[in-house]
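Here is the structure we will look at.
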Amino acid sequence: MPSGHRALRSDVTDGIIEAVLDELADVGYGRLSMDGVARRAKAGKAALYRRWQSKQEMVLDAVTTISVPALPETSGDLRTDVAALVRGVDEWISDPRMMRVLPDLLAEAVRNTDLADALTARIGVTRRESGRVVIVTAIERGEVRPDVDIEYVLDLIAAPVFWRICGRRLPTTPEFLDRVVGTVLDALPRP
């Protein structure tokens, strides 16, 4: 957000963020407008433009608020840490708004390279860093060989959950999530 953001009323900003997420879930990125968000937030368009210079900046900030986890504290147990990562992805994508917003943004990103680059930088890299911390810590503890393909394992943490929820439009179950954890653990080469 712009540097003057802290001086802006946080309750108004929070209301606008909620309006952006609701509008994005209802109409998608392509049809989302500053006017529509202002109406939904019951705020003036000027309030939006004081916070963001463009629709893309506004959407990225809004989506980031529910997409970027804190870096995990590892438990010392690889299975527990991997399960926490998989559950985190499930909770994120299972959010009623995100299950509609994420596929829409990914489709838009295919057509809009600026948006694609921004989504990768703001959300993709940050979310993957949580998984990277878990894997690197496991390597340092001697639980996983250093020659592990970290990028592939990070894909395995999220892809089955994403596909189940957004591709097949099915709910996840504890059994499904356990299978994903098992698949991830199988892909981590042990010493």
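Does V110 qualify as being touching a residue at least 60 places away in the same chain (Cβ under 8 Å), assigned by TED's automatic domain parsing to the domain that holds E143 and of a type in the set (A, V, I, L, M)?
Judged against the criteria, V110 is not a match.
Look at the stretch 89-101 and say how many of its residues are at pLDDT below 95, acidic (D, E) and under 15 Å from R169 (Cβ atoms).
1
I'd like to check something: does the stretch 95-108 contain any residue that is more than 19 Å from the chain's Cα centre (by Cα) and of a type in the set (V, I, T)?
no
Take the residues in the stretch 22-44 that are among the small types (G, A, S) and out of contact with any Gly (no Cβ under 9 Å at 6 or more places or on another chain); name whichever of them is farthest from I93 (Cα to Cα).
G44
Within the group V27, V86, which residue is modelled with pLDDT of 95 or more, outside any loop (DSSP other than H, G, I, E, B) and buried (at least 20 other Cβ atoms within 10 Å of the Cβ)?
V86
I need the full set of residues from the stretch 132-161 which are touching a residue at least 60 places away in the same chain (Cβ under 8 Å) and touching a helix residue (DSSP H, G or I) at 6+ places or on another chain (Cβ under 6 Å), in order please.
Once the filter is applied, which keeps residues that are touching a residue at least 60 places away in the same chain (Cβ under 8 Å) and touching a helix residue (DSSP H, G or I) at 6+ places or on another chain (Cβ under 6 Å), the stretch 132-161 yields V134, A138, E143, V144, I157, A158, V161.
The values are calculated or read from the model by the stated rules, or taken from the named source; none is laboratory data. Model, not experiment: these values are computed from the prediction. Glycine gets a Cβ as well: all are built from the backbone with ideal geometry, and neighbour counts include every protein chain shown.
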